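The next block holds one structure in the form of C-alpha cells; read it before the comments.
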Amino acid sequence: MKSRVFRALIQSMLVAAAPLSLQAGCGTCVKTEPTPLSAEASLRLRMATWACEPFCGPDVTVCSVIVAGQSPLSIDCNGKPPMMPVPSRVSAELMLDECAPLCGAQAVACTISNQDTRYPGEVVRLCSTNYSCPQTPGAIAGRRPADMQRADCIADHEVGAFFAETCQLEAAAVTAFAILADELRAHGAPAELIAAAEQAERDEVRHTQMTAALAQRFAAVPSLPTVQRHAPRPLLAMALENVVEGCVREAYGAFVASWQGEYADDAKVRAIMARIARDEIQHAELSFAIDAWLASKLNKDERARVEQAREAAFRELSSELDRPLSPSLRSTAGLPPSTAAQAFLHAHAQQICCA
C-alpha cells in the first residue's frame, strides 16, 4: 500500500505544484545589475564550459565571447569559428574567474548579453552580486552510510558543485546498499528484499556515473567519498538507519529527482534525473518494505525508538529545506522551490505512518 500511495503522492505533487516552479527562489539572494558597455570596450572573455556547446558543438569546451564596443558579439570556438552564424541576439554566461575583472571582486556570476530588455539593442554586462543568503542546501540523494567521509570537489559554479556533491552521495549509496544486502542476508531477511538491495547497489553505480557526467558538464571535478565497512549490525541499528536514510531522506530524494526530471531548464539534466528518479522511487519503496519487515522483528520499545527517529528525521530535513535556493539551482539544476519541497515533505510525513 505504501508504495502505491508514495508514487501517487509524487505524481500529484508534480502536477499540483507545477505553478510553483515559476516563483522566485529566494528574493534578494542575488542582485543582478545590467550596465551597458562603452563604445571603446575591447574584451575577450571565456564563456562557461556548458555555454560553449550551442555555438561550438559538444567537443569544444573552451570558447570565448568577443566584445568590440557596441558591435555585434562574436564567438571564438578555441581558435575556430562557430558552427553557424552567431545570432543577432546573444547571451553568454562567463567563467567565474572572468567576473572579477568585469564586475568587481564581489561578483558571483556574470553574463554578456545584447538581449536585455532594460537596454534594448545594447551590449550589456550583467553582474550578479550581493549574495545575501546561504548558497547551496546540501544535495539529498541515495543513502548515507555510517562512517562516510566526504572528499573535496573542484567547481567553478554552484550547479557543478551541486552535482559533484550529488555524485558523492550516489557513490556512497553504492556501499550503503552493499552493506544493507549483507546485513539483510545475515539476519535471514526474505530473498526478495536481499535481491532488491543488490539491484539498488547496481543502480547506484550507474547513478554515480550519470551525476559525475553532470558535474563535469557544469565545470566541476567530482571526488569519491570514503566509507568504512563493519560487521553486520543488530536489527535495531539497521532499522534506525533505514527509517532515516531510506523512508525519509531517500524518499524525499526521489521526489527531488522527479521534479528535476520535469522542470530543469537544461535538457540533459532533465533526461538524466528522470532516469534516476525511476530508480530512486523503487529504492524508497524498498525502504518501506524493509521498515515493515524490521518492525515485525523488533519489540515495542525498539519500534518506539524507530518512530522517534522518523519524526526527528522529518524535522531535520524540514529545517534544511527552509534554506533558499539561488536562481541557477532553481532553473538549471531544476531543484524544487521550498514551498513545493515542504508541501511534499508534509504530505509524505502524514501518509507514511498510515499508508
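Things worth noting here:
- Only listed residue being closer than 19 Å to residue 265 by Cβ, not charged (D, E, K, R) and not assigned by TED's automatic domain parsing to the domain that holds residue 159, chosen from 100, 107, 48, 68: 48
- Subset of the range 127-177 (residues that are within 19 Å of the chain's Cα centre (by Cα), in a loop (DSSP other than H, G, I, E, B), modelled with pLDDT under 70 and surrounded by fewer than 21 Cβ atoms within 10 Å (Cβ to Cβ)): 133, 134, 135, 136, 137, 138, 151, 152, 153, 156
- Selection of the range 253-278 for residues being over 12 Å from residue 334 (Cα atoms) and either surrounded by fewer than 20 Cβ atoms within 10 Å (Cβ to Cβ) or without any contact (Cβ under 8 Å) to a residue 60 or more places away in the chain (or both) yields 275, 277, 278.
- Boolean, residue 58 is modelled with pLDDT under 85, part of a loop (DSSP other than H, G, I, E, B) and either among the aliphatic types (A, V, I, L, M) or within 30 Å of residue 203 (Cβ to Cβ) (or both): no
- Scanning the range 189-200 for residues that are more than 18 Å from residue 272 (Cα to Cα) and either without any contact (Cβ under 8 Å) to a residue 12 or more places away in the chain or not β-branched (Val, Ile, Thr) (or both) returns 189, 190, 191, 192, 193, 195, 196, 197, 198, 199.
- Residue check for residue 347: part of a helix (DSSP H, G or I) and in contact with a Leu (Cβ under 8 Å, 6 or more places away or on another chain): yes
- Where a residue in the range 293-307 is of a type outside the set (Gly, Ala, Ser) and its partner, wherever it lies, is outside any helix (DSSP H, G or I) and modelled with pLDDT of 95 or more, with Cβ under 9 Å and at least six apart: 293/189; 293/190; 294/187; 294/189; 297/187; 305/298; 306/298
- Options 229, 185, 233: the member that is more than 20 Å from residue 279 (Cβ to Cβ), at pLDDT below 90 and of a type in the set (Lys, Arg): 229
- Test: residue in the range 211-221 that is β-branched (Val, Ile, Thr) and surrounded by fewer than 16 Cβ atoms within 10 Å (Cβ to Cβ): yes
The values are calculated or read from the model by the stated rules, or taken from the named source; none is laboratory data. This one's a predicted model, so the numbers in the text were calculated from it and none came from an experiment. Note that we place each Cβ from the backbone using ideal geometry, even for glycine, and neighbour counts take in every protein chain shown.
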